[in-house]
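The values are calculated or read from the model by the stated rules, or taken from the named source; none is laboratory data. Note that the coordinates shown come from a computational prediction; the quantities given were computed from them, not determined experimentally. Reconstructed Cβ throughout: ideal geometry from the backbone, glycine too, with neighbour counts over all protein chains shown.
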Amino acid sequence: MTTVTTLGFPRIGAKRELKAALESYWRGDTTADDLQRTARDLRHCHWQLQRDAGADVVPCNDFALYDHMLDTAFLFDAIPDAYRTLADADPLAGYFALARGVQRDGTDLRALEMTKWFDTNYHYLVPELHAGQDFRLRGDKPVAEFLEARAAGHAARPVLLGPVSFLLLAKTVDGSDRVALLDRLLPVYADLLSKLHDAGADWVQIDEPCLVLDLDDAARDAYLRAYAALAKGTRPSLLLATYFGRLGDNLPLACALPVDGLHVDLVRGKEQLDEVLKQLPKGRVLSAGLVDGRNIWRTNLDNALILAKYAQGHVGKNALWLSPSCSLLHVPVDLAGEKALPVDLKSWLAFARQKIEELRLLADALQDPRAADAGLALARDRIESRRQSARVHRPEVAARLASPEAGDIDRDSPYPQRRIAQAALLGLPAYPTTTIGSFPQTREVREARARNKAGKLSDADYETFLREETERCVRFQEAIGIDVLVHGEFERNDMVEYFGEQLAGFAFTKNGWVQSYGSRCVKPPVIYGDVSRSAPMTVRWSQYAQSLTDRPMKGMLTGPVTVLQWSFVRDDQTRAQTCRQIALALRDEVLDLEAAGIRVIQIDEPTLREGLPLRRVDWQAYLDWAVECFRISAAGVADDTQVHTHMCYSEFNDIIDAVAAMDADVISIETSRSRMELLDAFVKFRYPNDIGPGVYDIHSPRIPTGSEMIDLLEKARAVLAPEQIWVNPDCGLKTRGWPEVREALTRMVAAAHALRAGLVRAA
Ligand code: GLN
Ligand code: ZN
């Protein structure tokens, strides 16, 4: 019998129950027991849900109160010394101190660094290791959760993050080689495996997603040593799970490891099935990841069935498992909660529960083709209805994409000429000052929006409120002497949602929550159809703000790559194609802003870097279309209209060519946290256009001193020409409070003035 299983399930709960429980525990409103009870209820509910949907075996220990990477570090006692006393006295307090930091009763511990989990929008905490690190088992979470699942009557398979991926994803604080810690770590894994074996686990899933990355020889060698060692002891059978892409050149390695089963991603790595079947040693279980664990579309089951049958022909009935491509952590729980979506659109979607139902149907079809006929026919109808839908495919969008305009990616003149035209129009001083767009989204602003949405504040009153906020923001910027103003973005909920809500081709779910980190969730828009813009989206607010002042007002847009990156994207055409459609819609907005008298326009692309594919060989193709899309949206304006872009990260070195190729007149970037380290990229590469290296770290409530900002600008002057430099914070100010912002920006303007007046000599 073919087994249906999953690699992991969302932990947060269909209605974000875990978020509510965590936050009330952190506030001190509920106890640790309350929190643990909610956590246990969620685990039970999710196991049962998976069973009901058709899973034969459910994963366990995939649950985490905050993050599975942190759980792994905690489990192996990889706890930095500073947190140890707390963790020993109160494990839960120690755990959350690592996750969130603590600042109370004389304890001052920062949170661990957080970073993206591969190319998903989930973020994990980066364990901090050091040379000579000791590991030991702390607690028995995997065993306890296995026993808990079994006691509830489930066939459960514990999930562990594998030792090599754990080390590769961690960092050492002393610069030592993290992979060198493998030999110290392996005995603890072996001990854990034997404990799971004794507890009665037949199988353990060991996740090694790093096997889909480019690996060096040391990492490959670590894999061989690790699994040779783990194969020896008393242990359950091991399922080595790889996901988020094809194994590629690591396939021989994955097949050489002495494990009992291999999971492969057959959504992103569809083409690898043949090769996998060729290389997989006889007798191994193949877990076929046939259903997309990263996106919310129904699977083409006819196609999946062909692959499943093909695989079954090679490995046999009993050695084939059917599974989503990766953990279901990256999709919402259950589509059933969505009552407001159009019926046809809803019929095209599958959340976690529906994905398991699809797998069940596939397994049934393998067993008895006739029994699954009706289900497969329904699935076929849905695919067909989506393929033919006029809601999805709009000829006018296709026509526009094929028009010469879509190929117009060049401004009229090269930058040096534009620079002269813009200087004439804008007449800005040296070291011009600006901000990144948003001003504090205070409680009043959020409440007014919520009340308006709930019908408790009339549209007219809400409008008046927003106008007043905007005006106050403009007056403030004038008063402190900012050169290029912004309107403050008070009318926006979120930088993608605000645009998605106004564009055709986007839909919004009610409960389509996905964990971003800890208790933080996002509800990505669903791009289901051809994207177009029917009316201006931002012009009214920019125009109003410009009417209040003689200084240049900067129009503020979210760029095409970022809109794409933070949405569930359609899977029936390439990401590049969808991105081009968004770019063309934004191009219209840019031109409308220009026509309305907005002559400085910022197109934010904070996610350009995070869109990078996992494998280096795929980078250039991505960067080519991403840059092209930005240029489509920007290239329509006249030479003297100044285009800005903004990015908030500090690793630039490896994509600096692409950033320059965007050809924005001005770019603002995050630098203050890294003390301008980012500018290393500019030592070798002469960035041709203007650049505003952020001098005020908006992620911290700390107000920088004027001399700190001058100091950072001095560093910038060491590698950039003075006439290239803008003075601005490092990102939007929406999470900050007015008192800090007032003070920090006043100091920032003073710093720019000091440089301008030559009071500070160039380094
Ligand atoms: N313009 C946006 C803001 O200021 C940019 C946000 C971002 O970079 N993430 O909020
Ligand atoms: Zn930013």
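Which one of the conditions (1) closer than 25 Å to Leu290 by Cβ; (2) within 32 Å of the chain's Cα centre (by Cα) does Lys309 fail to meet, given that it meets all the rest?
(2)
Which condition number in (1) outside any helix (DSSP H, G or I); (2) of a type outside the set (S, T, N, Q); (3) more than 16 Å from ligand 2 (Cβ to nearest atom) is the one that Glu651 fails?
It fails just one condition, (3).
Considering region 241-272 alone, what residues qualify as being in contact with an Asp or Glu (Cβ under 7 Å, 6 or more places away or on another chain) and in contact (Cβ under 8 Å) with a residue 60 or more places away in the chain?
Ala241, Tyr243, Phe244, Gly245
Does region 99-158 hold any residues that are over 23 Å from Cys521 (Cβ atoms), surrounded by 15 or more Cβ atoms within 10 Å (Cβ to Cβ), more than 25 Å from the chain's Cα centre (by Cα) and acidic (Asp, Glu), and which are they?
Correct list: Asp140, Glu148.
So which of Leu679, Leu712, Leu720, Leu623 is more than 15 Å from ligand 1 (Cβ to nearest atom) and under 28 Å from Gln577 (Cβ atoms)?
It is Leu623.
Could you list, in sequence order, the residues of region 101-131 that are of a type in the set (Ser, Thr, Tyr), part of a strand (DSSP E or B) and either in contact (Cβ under 8 Å) with a residue 12 or more places away in the chain or closer than 13 Å to Ile79 by Cα (or both)? Before the answer, list the steps.
Looking only at region 101-131, we keep the residues that are of a type in the set (Ser, Thr, Tyr), and these are 107, 115, 120, 122, 124.
Restricting the remaining residues to those that are part of a strand (DSSP E or B) gives 107, 115, 124.
Thr107, Tyr124, listed by residue number.
Looking at region 165-179, I want the residues that are more than 22 Å from Asp207 (Cβ to Cβ) and have a partner that is among the aliphatic types (A, V, I, L, M) and at pLDDT 95 or above with Cβ atoms under 7 Å, at least 6 apart or on another chain. Which pairs are those?
These pairs meet every condition: Asp174/Ala131; Ser176/Ala131.
If I filter region 602-622 down to residues being assigned to a helix (DSSP H, G or I) and in contact with a Leu (Cβ under 7 Å, 6 or more places away or on another chain), which single residue comes out as nearest to ligand 2 (Cβ to nearest atom)? Break it down stepwise before answering.
Start the filter on region 602-622 by keeping residues that are assigned to a helix (DSSP H, G or I), which leaves 616-622.
Those still in the list that are in contact with a Leu (Cβ under 7 Å, 6 or more places away or on another chain) too: 619, 622.
Numbers: Trp619: 22, Tyr622: 21 Å.
The residue in question is Tyr622.
Is there any pair with a first residue in region 584-611 that is within 16 Å of ligand 1 (Cβ to nearest atom) and a second that is among the basic types (Lys, Arg) and not in a helix (DSSP H, G or I) whose Cβ atoms are under 9 Å apart and which are 6 or more apart or on different chains, and what are they?
Close Cβ pairs satisfying both conditions: Leu586/Arg533; Glu589/Arg533; Leu593/Arg599; Ile598/Lys554; Val600/Lys554; Ile601/Lys554; Gln602/Lys554; Glu610/Lys116.
Looking at region 489-512, is at least one residue in contact (Cβ under 8 Å) with a residue 40 or more places away in the chain and touching a His at 6+ places or on another chain (Cβ under 9 Å)?
Here is the first cut: in region 489-512, the ones in contact (Cβ under 8 Å) with a residue 40 or more places away in the chain are 489-493, 495-496, 498-500, 503-507, 509-512.
From the residues that got through so far, the ones that are touching a His at 6+ places or on another chain (Cβ under 9 Å) too are none.
Scanning region 489-512, I find no residue that is in contact (Cβ under 8 Å) with a residue 40 or more places away in the chain and touching a His at 6+ places or on another chain (Cβ under 9 Å), so the answer is no.
Would you mention how many residues in region 488-504 are within 15 Å of ligand 2 (Cβ to nearest atom), closer than 11 Å to Met556 by Cβ and of a type in the set (Asp, Glu)?
Final tally of qualifying residues: 1.
What single numbered condition from (1) more than 16 Å from ligand 2 (Cβ to nearest atom); (2) out of contact with any helix residue (DSSP H, G or I) (no Cβ under 8 Å at 6 or more places or on another chain); (3) under 24 Å from Thr435 (Cα atoms) fails to hold for His646?
(1)
Taking the residues in region 281-306 that are without any contact (Cβ under 8 Å) to a residue 40 or more places away in the chain and crowded, with 21+ Cβ neighbours inside 10 Å as candidates, determine which candidate is nearest to the chain's Cα centre (by Cα). Quick ask: steps written out before the conclusion?
At the first step, the residues of region 281-306 found to be without any contact (Cβ under 8 Å) to a residue 40 or more places away in the chain are 281-284, 286, 288, 303, 306.
Narrowing the set further to residues that are crowded, with 21+ Cβ neighbours inside 10 Å leaves 286, 288.
Values: Leu286: 29, Ala288: 25 Å.
Applying the filter and picking the extreme gives Ala288.
Pairs only if they're at least six apart or on different chains, beta carbon under 8 angstrom, first in region 634-653 and without any contact (Cβ under 8 Å) to a residue 40 or more places away in the chain and more than 15 Å from Asp408 (Cβ to Cβ), second within 16 Å of ligand 2 (Cβ to nearest atom) and hydroxyl-bearing (Ser, Thr, Tyr); list them, first residue then second.
Between residues of region 634-653 that are without any contact (Cβ under 8 Å) to a residue 40 or more places away in the chain and more than 15 Å from Asp408 (Cβ to Cβ) and residues that are within 16 Å of ligand 2 (Cβ to nearest atom) and hydroxyl-bearing (Ser, Thr, Tyr), the close pairs are Ser650/Thr671; Ser650/Ser674.
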